[in-house]
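The structure under discussion appears below in the form of structure tokens.
The values are calculated or read from the model by the stated rules, or taken from the named source; none is laboratory data. Worth saying up front: this structure is predicted, and the values here are computed from it rather than measured. Heads up, the Cβs are rebuilt from the backbone with ideal geometry, glycines too, and the neighbour counts pull from every protein chain shown.
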Amino acid sequence: MIRILVAEDMRILRDTLVAVLKLEDDLDVVAAMETGDDVVSTALAYRPDVAVIAVDLPSTDGIVVAAELHERLPECRTLILTGSGRPGELRRALAARVHGFIAKDAPVNELIDAVRKVSAGVRAVDPQLALAALDVEENPLSRREAEVLKQFSTGSGAAEIAAGLCLSYGTVRNYLASAVTKLNARNRVDAVRIATEAGWL
């Protein structure tokens, strides 16, 4: 029996995923949640074989959650569900050591097949998303630049970002400026748009 954890913020989709997976004789959903904050602690308690995680979870990004889960519970394999299919997301996901990456609107049989493959140690990546990722250039932003730009995208000002990341105000401004330059953006807002569309944030 393959034990599964489901993390999806949209209740109707989460309930549907749980119901569909439970119809299979060899699959059992042991936990389901709506935010990224609870995934790791719940996984440590229930020890699932596979965690099916939405990429755009509130509170904590699904790929960040998958990376932490890989560190804390490496025997639990991760399958990321994406609604946008931004090419940069796949690169981020693979860098975070996820085992599968498919679209939320994939047919049910593909989801079930992906869960079984991931559980067996086989990588399951949507071929269309993989092809799209090949056409996208590498992320030019450093980890810190992306982190600062992501904080800025939520409406935080430079002073607030500096306090939250334990950086100086000037350092934050420098990171934002370098992000704008590297992305050939018109301004910070445009930099956020470019990086978000590419899946780099």
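Below are the figures for this structure:
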quantity	calculated
Unique residue being acidic (Asp, Glu), assigned by TED's automatic domain parsing to the domain that holds Val125 and modelled with pLDDT under 95 when the list is Asp49, Asp38	Asp38
Given (1) out of contact with any Asp or Glu (no Cβ under 8 Å at 6 or more places or on another chain); (2) over 25 Å from Asn139 (Cα atoms), number of the condition Ala67 does not satisfy	(2)
Residue match in the range 125-133 (condition: part of a loop (DSSP other than H, G, I, E, B) and at pLDDT 95 or above)	no
Verdict on Arg116 being in a helix (DSSP H, G or I), closer than 30 Å to Met1 by Cα and either of a type in the set (Lys, Arg) or modelled with pLDDT under 85 (or both)	yes
Listing of helices (runs of 4 or more DSSP H) fully contained in the range 142-200 that carry 2 or more residues being more than 23 Å from Gly62 (Cβ to Cβ) and of a type in the set (D, E, K, R)	169-182, 188-198
